[in-house]
Structure formats: structure tokens, C-alpha cells
Amino acid sequence: MSLETDVMTRLKEAMKTKDEGALRALRAIKAEIIKAKTEPGANGAIDEAAEMKLLQRLFKQRMESIETFEQNNRQDLADKEKEELRIIEKFLPARMSESELKEALTRIIAETGAASPADMGKVMGAATKQLAGKADGKAISAIVKTLLA
């Protein structure tokens, strides 16, 4: 089932149950899908990789908003963002634990032959491709720095 079909099904369910948080999140996903499909060169369709990038972008936006709202003591807005974040997470692959991430990055470092912090770009390029949607870029970067140090 495509992401668009899944979102539409869940959107109908959220409308029936009057789940405001789910409605906001699902409408945001739907809007991004429509935007991606109507971009020049998209030919009215998007592939799975584009869907994953779209979801990751929405996830990252919500995380940054939560951080900003909490810094500015706006817990009410942060709670709304967290509610939307939980819905978006359901469409993404399961997040890796820190130990799983460390293990995967150790393997990637060995594959790329990286030996010093100067090789971080090479490792980050391979890691972001292999771990797309499974780990946050900041977490990947922090662990790579410690492993290469």
C-alpha cells in the first residue's frame, strides 16, 4: 500500500473519531505528498525514497519545533507537536537504539576504511544512505565523531 493510500485511510478514521492531533499530522503529510507530486519533473507520482525523505523532513521539523517551544516555555504548543510527531513516527521505520547504531556505524567505518576524523565525510555519506529513517543525523554524527577520535 502506498503512503498516500495509507494516509488517506488513516485520515478518514481520524475524521470519524475526531482525533485532532492525528488530523493535523495526516493533513500535513497529505499536503507534502501533493506538493511533491506536483513539482516539476515528478510526473504526478513519487517513489518510496521520496516518500521517506518527505516523512523524515516532517519528523525533523516537528523535533525542532518541540525544542524551540520548550525553550520558550510554550508547553502547550510543544504538546501539539509531540502529538503530531507520534503519528508521523508510525509511517517511519523503527528507530535504532544507541547500541544498534554504534554497531552499524562501526561496520560502516570498517567498510569505508576510515581511520581518522578527516574521513568523517566519507563515513557520514555512507551512513546517512544506509540508515535513512532509522537514526537521526545528529546522533549519527556524534557517534561517528567518538568512534573516529
Problem - Within segment 70-95, considering residues that are part of a loop (DSSP other than H, G, I, E, B) and in contact with a Gly (Cβ under 7 Å, 6 or more places away or on another chain), the one surrounded by the most Cβ atoms within 10 Å (Cβ to Cβ) - result: Leu92
Practice task
Return a yes/no flag: does segment 98-121 have any residue that is exposed (fewer than 14 other Cβ atoms within 10 Å of the Cβ) and within 23 Å of Glu51 (Cα to Cα).
Solution key: no
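Just wondering, is there one or more residues in segment 41-53 that are of a type in the set (Lys, Arg), closer than 20 Å to Lys80 by Cα and either surrounded by fewer than 17 Cβ atoms within 10 Å (Cβ to Cβ) or modelled with pLDDT of 90 or more (or both)?
Here is the first cut: in segment 41-53, the residues of a type in the set (Lys, Arg) are 53.
With the extra rule that they be closer than 20 Å to Lys80 by Cα, the set shrinks to none.
There is no residue in segment 41-53 that is of a type in the set (Lys, Arg), closer than 20 Å to Lys80 by Cα and either surrounded by fewer than 17 Cβ atoms within 10 Å (Cβ to Cβ) or modelled with pLDDT of 90 or more (or both).
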Problem - Flag for Lys53 being part of a helix (DSSP H, G or I) and closer than 25 Å to Thr128 by Cβ - result: yes
Exercise for the section: With the condition kept exactly as written, say whether any residue in segment 83-102 is acidic (Asp, Glu) and free of Cβ contacts under 8 Å to residues at least 12 places away in the same chain. Expected result: yes
Practice task
Pairs only if they're at least six apart or on different chains, beta carbon under 7 angstrom, first in segment 1-25 and β-branched (Val, Ile, Thr), second at pLDDT 90 or above and assigned to a helix (DSSP H, G or I); list them, first residue then second.
Solution key: Val7/Leu26; Val7/Ile29; Val7/Lys30
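The values are calculated or read from the model by the stated rules, or taken from the named source; none is laboratory data. All values reported here derive from a predicted model rather than from experimental measurement. As a convention, Cβ positions derive from the backbone with ideal geometry for all residues, glycine included, and neighbour counts pool all protein chains shown.
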